[in-house]
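All remarks here apply to the structure that follows.
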Amino acid sequence: MTEIVRVCSTAELAPGTMRRAPTKLPIAVYNIGGAFYATSDYCTHETSSLCDEGYLDGDEIECGWHCAKFNVKTGAVTAPPATKPLPTYEVRIENGDLYVVVPSA
């Protein structure tokens, strides 16, 4: 069974910004030009928090520890040292609020 978790209102997440979802599983939510995306908050190279230590540039998130980069729309690795893509999550918008869909373990 999946869990649907409210992150914030869409107005609270400005374009070009990100925030961690209030979920047990560490999930980062991004606003890229008015479209919303969600990935794991942890770099697949060495579990650095992308929200706390990463840098968002366009649709790429760069890990603050070793400069691995990922496409936040797809989770794909765009620069090493990471080799595994980020898990991605479904985002829903309902009545101006932003939700992330968290699959059951």
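Since every read-out is calculated from the coordinates, none of them should be taken as a lab result. Owing to the predicted nature of the structure, the values given are computational and were not obtained by experimental measurement. Cβ sites come from the backbone with ideal geometry, for glycine too, and all protein chains shown count toward neighbours.
Listed as lacking a disulfide-compatible partner in the chain: C8, C51, C67, by the criterion of no other cysteine Cβ under 4.7 Å. The calculated FRET efficiency for A79 paired with T17, based on their beta-carbon distance and R0 = 22 Å, is about 0.55. Across region 9-105 the C-alpha pair distances fall into 5 Å bins from zero in the proportions 3, 15, 28, 26, 17, 8, 3, 0 percent. For region 1-52, trypsin sites (Lys or Arg not before Pro) meeting the loop criterion (DSSP other than H, G, I, E, B) and having at most 16 other Cβ atoms within 10 Å: K24. Full extension of the segment from C8 to K24, taken as 0.36 nm per residue of separation minus the current Cα-Cα distance, would add 4.2 nm.
Helical content of the chain, expressed as a calculated mean residue ellipticity at 222 nm, amounts to -500 deg cm²/dmol (DSSP H runs of 4 or more residues, -39,500 (n - 2.57) each, divided by residue number, nearest 500). Between V101 and E53, the FRET efficiency from the beta-carbon distance, with R0 = 25 Å, is close to 0.50.
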